[in-house]
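The values are calculated or read from the model by the stated rules, or taken from the named source; none is laboratory data. In this text the structure is predicted, and so the values were computed from the model without any measurement. Neighbour counts run over all protein chains shown; Cβ positions are idealised from the backbone, glycine included. When the accessible area is computed, the model is the full protein with side chains, heavy atoms only, and any ligands, DNA or RNA have been set aside. Shrake-Rupley method; radii C 1.70, N 1.55, O 1.52, S 1.80 Å.
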Amino acid sequence: MRTLYVVTHPEATHHVEGVVGGWHDSKLTPAGVRAAVSIAQALRAQVPDGAEVELFSSDLQRTLRTAEEVAELFGVKPMVDRRLREKSYGEAGGKPQEWLDRRFVPPPAVGERMDHDEGVQGSETKAAWAQRIYAVTDEILQNPCEHQIIVTHGGSLTFVVASWIKMPIESAGYASFRAPSGSITTLREDDFFHNRQVVSLGDTRHLDSAKAG
């Protein structure tokens, strides 16, 4: 039985400042750090004691800080991979959200969506974004470890899940698996049929303790 836990980092400075995240290297807020502790505790409660665990993280500060809390409880070192980053919004990264909103060209309802030009210089296409997330997810799943944790971003979660269920990448232009910041998505593959299940998507029940604190 393989279980993959996909964490979306909790509240970061770009959330409260109202600026575009993407590759902008924002940090966790104090509330985000408290949430990261709760995430780590929730994961520790789900994984059996003594089980081998692998931990993977995007290289941006907000994900690495989250992964540090997880790493401390499990006694493992995060394997850092920049391919787990959020989508790059090019020159919009770190600018006010309304700056991006004025320039953003949404994809068509019908037609080319994966290579669609969103109208922002340097912005990643959905195709490029999906390809790197699919590639790193596939590499992670080549390892036989039964308990793996990925710390990534809210947007990138969609393509981790799409890769997990083996959705053809050319069909991912319409995919959207929404999950709040600080969530845990649990994915499981059984040893008999080798079916891949989405056990829970975007679970945030563990954040109640962080809010109380």
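A quick yes/no check of all residues on (1) among the polar types (S, T, N, Q); (2) within 24 Å of GLN41 (Cα to Cα); (3) open to solvent by less than 10 Å² (accessible area, probe 1.4 Å):
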{"site": "GLU118", "(1), (2), (3)": "no, no, no"}
{"site": "VAL136", "(1), (2), (3)": "no, no, yes"}
{"site": "GLU139", "(1), (2), (3)": "no, no, no"}
{"site": "ILE149", "(1), (2), (3)": "no, yes, yes"}
{"site": "TYR174", "(1), (2), (3)": "no, no, no"}
{"site": "PHE193", "(1), (2), (3)": "no, no, no"}
{"site": "GLN197", "(1), (2), (3)": "yes, yes, no"}
Would you say VAL37 is touching a strand residue (DSSP E or B) at 6+ places or on another chain (Cβ under 6 Å), β-branched (Val, Ile, Thr) and farther than 22 Å from ALA162 by Cβ? no
Reported set for the range 69-116 where residues are in a helix (DSSP H, G or I), of a type in the set (D, E, K, R) and either within 20 Å of the chain's Cα centre (by Cα) or closer than 21 Å to ARG44 by Cβ (or both) is GLU69, GLU72, ARG82, ARG83
Restricting the search to the range 117-133, which residues are of a type in the set (Ser, Thr, Tyr) and assigned to a loop (DSSP other than H, G, I, E, B)? THR125
Which of the residues spanning the range 88-111 are over 19 Å from HIS24 (Cα atoms) and surrounded by 13 or more Cβ atoms within 10 Å (Cβ to Cβ)? PRO107
So SER181, is it open to solvent by 50 Å² or more (accessible area, probe 1.4 Å), polar (S, T, N, Q) and touching a Pro at 6+ places or on another chain (Cβ under 9 Å): yes
Collect the residues in the range 16-35 that are outside any loop (DSSP other than H, G, I, E, B), in contact (Cβ under 8 Å) with a residue 24 or more places away in the chain and under 20 Å from GLU69 (Cβ atoms), keeping them in residue-number order. LEU28, ALA31, GLY32, VAL33, ARG34, ALA35
Condition first: within 13 Å of the chain's Cα centre (by Cα) and either open to solvent by 50 Å² or more (accessible area, probe 1.4 Å) or under 18 Å from ASP59 (Cβ atoms) (or both). Now tell me which residues in the range 120-133 satisfy that. TRP129, ARG132, ILE133
Looking for something closer than 29 Å to HIS206 by Cα, open to solvent by 10 Å² or more (accessible area, probe 1.4 Å), out of contact with any Phe, Trp or Tyr (no Cβ under 6 Å at 6 or more places or on another chain) and in a loop (DSSP other than H, G, I, E, B) - is there at least one such residue anywhere in the range 39-46? no
Does ALA67 fit the bill of being closer than 11 Å to ILE149 by Cα and in contact (Cβ under 8 Å) with a residue 24 or more places away in the chain? yes
Scope the range 28-74; condition charged (D, E, K, R), in contact with a His (Cβ under 9 Å, 6 or more places away or on another chain) and either closer than 17 Å to GLY154 by Cβ or at pLDDT below 95 (or both); matching residues: ARG62, ARG65
Just give me the residues in the range 165-186 being more than 13 Å from the chain's Cα centre (by Cα) and among the hydrophobic types (A, V, I, L, M, F, W, C), in sequence order. ILE165, MET167, ILE169, ALA172, ALA175
Looking only at the range 89-126, count every residue that is among the hydrophobic types (A, V, I, L, M, F, W, C) and free of Cβ contacts under 8 Å to residues at least 24 places away in the same chain and tell me the total. 4
